[in-house]
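Worksheet: the structure to be examined is printed underneath.
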Amino acid sequence: MQKIWKKKKGFTLIELMIVIAIIAILASILVPNFMRARASGQLTACKANLKNQGTALEMYSIDSHGRYPTTLGGLSSDYLRKLPTCPATDLEYGYEGQSVPDVYTVFCSGSNAHSAVGLTTGYPQYNSVQGLMSKP
């Protein structure tokens, strides 16, 4: 009498292990690229925030006879809806203002995303003399 073998449906252990290995290799290639792209996007948002704050500071200066504020707190009510924070760390931007000569510098105090794209802490920054600066 002849036995009829029924073909079982499913995957063997070897086939499953190969599929898992391929997925792991693809993930190890793609994850660093996604992290770098995310950091680059956060850096772009950070630069846009700095430019917006610089524009608000210049509007304040026009209304205040060429003087800049001593803190960023004065901008939030009339010139900005709210003070932006760094998209990478949710920290407020640093601000340094001087009255003689009347200049300012707004800088990013976070370093999480910026270290991934090669910037040091305190950069990017926006100042009244040079505008947006990305590197020292």
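The values are calculated or read from the model by the stated rules, or taken from the named source; none is laboratory data. What you see is a predicted model; the values in this text were computed from it and never measured. Virtual Cβ from ideal backbone geometry, glycine too; neighbours counted across all protein chains shown. Areas reflect the complete protein model, heavy atoms only, side chains present, ligands, DNA and RNA absent. Shrake-Rupley method; radii C 1.70, N 1.55, O 1.52, S 1.80 Å.
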Set of aspartates and glutamates near Lys82 by C-alpha distance (under 20 Å), chain-local residues within fewer than 8 positions excluded: Glu58, Asp63, Asp90, Glu92, Glu96
Determine the share of segment 9-80's accessible area contributed by carbon and sulfur atoms, expressed in whole percent, with a 1.4 angstrom probe. 68
Table column - 3J(HN,Hα) (Hz), segment 61-75, Karplus curve with 6.51, -1.76, 1.60, x for Gly and Pro: 4, 5, 6, 10, 6, x, 9, 9, x, 7, 9, 6, x, x, 7
Those trypsin sites (Lys or Arg not before Pro) from segment 1-95 that are DSSP loop and have at most 10 other Cβ neighbours within 10 Å turn out to be Lys3, Lys6, Lys7, Lys8, Lys9, Arg81, Lys82
Expected unfolding gain across Leu26-Ala45 under the 0.36 nm per residue rule, minus the alpha-carbon gap, is 4.0 nm
Loop sites in segment 1-94: chymotrypsin sites (Phe, Trp or Tyr not before Pro), DSSP, at most 10 other Cβ within 10 Å: Trp5, Phe11
HN-Hα J in Hz across segment 45-55 - Karplus 6.51, -1.76, 1.60, θ = phi - 60°, x for Gly and Pro: 5, 5, 5, 5, 4, 5, 5, 5, 5, x, 5
If you scale each eigenvalue of the Cα gyration tensor by 5 and take the root, what three semi-axes come out for segment 51-106, rounded to whole angstrom and sorted largest first? 20, 13, 8
